[in-house]
1. Within the range 1-46, track down each residue that is among the charged types (D, E, K, R), in contact (Cβ under 8 Å) with a residue 40 or more places away in the chain and touching a Pro at 6+ places or on another chain (Cβ under 7 Å).
2. Any residue in the range 48-66 that is at positive phi sitting within a Cβ distance under 8 Å of a residue that is polar (S, T, N, Q) and crowded, with 19+ Cβ neighbours inside 10 Å? List the pairs, counting only those 6 or more apart or interchain.
3. Count, please, the residues in the range 116-154 that happen to be of a type in the set (Ser, Thr, Tyr) and either within 22 Å of GLN44 (Cβ to Cβ) or part of a loop (DSSP other than H, G, I, E, B) (or both).
4. Of (1) touching a helix residue (DSSP H, G or I) at 6+ places or on another chain (Cβ under 7 Å); (2) loosely packed, with under 15 Cβ neighbours inside 10 Å; (3) closer than 28 Å to LEU5 by Cβ; (4) not polar (S, T, N, Q), VAL54 satisfies all except one. Which?
5. Hey, among the residues in the range 91-138 that are of a type in the set (S, T, N, Q) and touching a residue at least 24 places away in the same chain (Cβ under 8 Å), which one's nearest to ASN11 (Cα to Cα)?
6. On the basis of being touching a strand residue (DSSP E or B) at 6+ places or on another chain (Cβ under 8 Å) and not assigned by TED's automatic domain parsing to the domain that holds GLY12, does VAL127 make the cut?
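The values are calculated or read from the model by the stated rules, or taken from the named source; none is laboratory data. Quick caveat, the model's predicted, so the values are computed rather than measured. So basically every Cβ, Gly included, is an ideal-geometry build from the backbone, and we count neighbours across all protein chains shown.
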Amino acid sequence: MKPVLTQLTVNGEPHDVAVRADRTLLDVLRDTLHLTGAKRGCDQGVCGACTVLVDGQPARACLMLAVDSEGREVRTIEGLTETGEAAPLQRALTSHGAVQCGYCTPGIVVSLVGLMRRGGACATDDVRAALAGNICRCSGYVKILEAAVAGLSGEDADDGR
């Protein structure tokens, strides 16, 4: 299959990449642009490890073709950290002991930033709905939910809980 020149905007930066039409956005992010925050988990859109924001909405990078991202704004966990948007959520996850192996954490943070950008409420049920597609194999989710509610509510993430 012959590569197609595709213009992607990732984390505010334009990139001209030659990709085969069957390559996923996750492939291009990790293998071409060397942005490894989005993880390869299930490759079926079920685990949420590859979650990125596309035009401000959470999307599974393993299910989206790179060529379908042309003309859209893609933001990865690396881009959210640069803007400072993810920092309060990251601090809350850490201070509440919600981070274990860390594999799922970027996808969780990106999904929560998506909720925050939509102006979603900070109630536990809203957070549960926002994280419904994110699997964490290390935790029982209680600490993740508590941390997410605290981080989205603007509570002091360093309160020593």
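1. Initial filter on the range 1-46 (among the charged types (D, E, K, R)): 2, 13, 16, 20, 22-23, 27, 30-31, 39-40, 43.
Now restrict to residues that are in contact (Cβ under 8 Å) with a residue 40 or more places away in the chain: 22-23, 39.
Of everything in the range 1-46, just one residue is among the charged types (D, E, K, R), in contact (Cβ under 8 Å) with a residue 40 or more places away in the chain and touching a Pro at 6+ places or on another chain (Cβ under 7 Å), namely LYS39.
2. Taking only residues 6 or more apart or on different chains, the pairs are GLY48/SER111; GLY48/ASN134.
3. Residues meeting the conditions: 2.
4. Looking at each condition in turn, VAL54 falls short on (2).
5. So the first thing to find is which residues in the range 91-138 are of a type in the set (S, T, N, Q), and the list is 94-95, 100, 105, 111, 124, 134.
Among the residues that remain, those that are also touching a residue at least 24 places away in the same chain (Cβ under 8 Å) are: 94-95, 100, 111, 124, 134.
Working: THR94: 24, SER95: 27, GLN100: 26, SER111: 16, THR124: 29, ASN134: 22 Å.
That would be SER111.
6. Criteria not met by VAL127.
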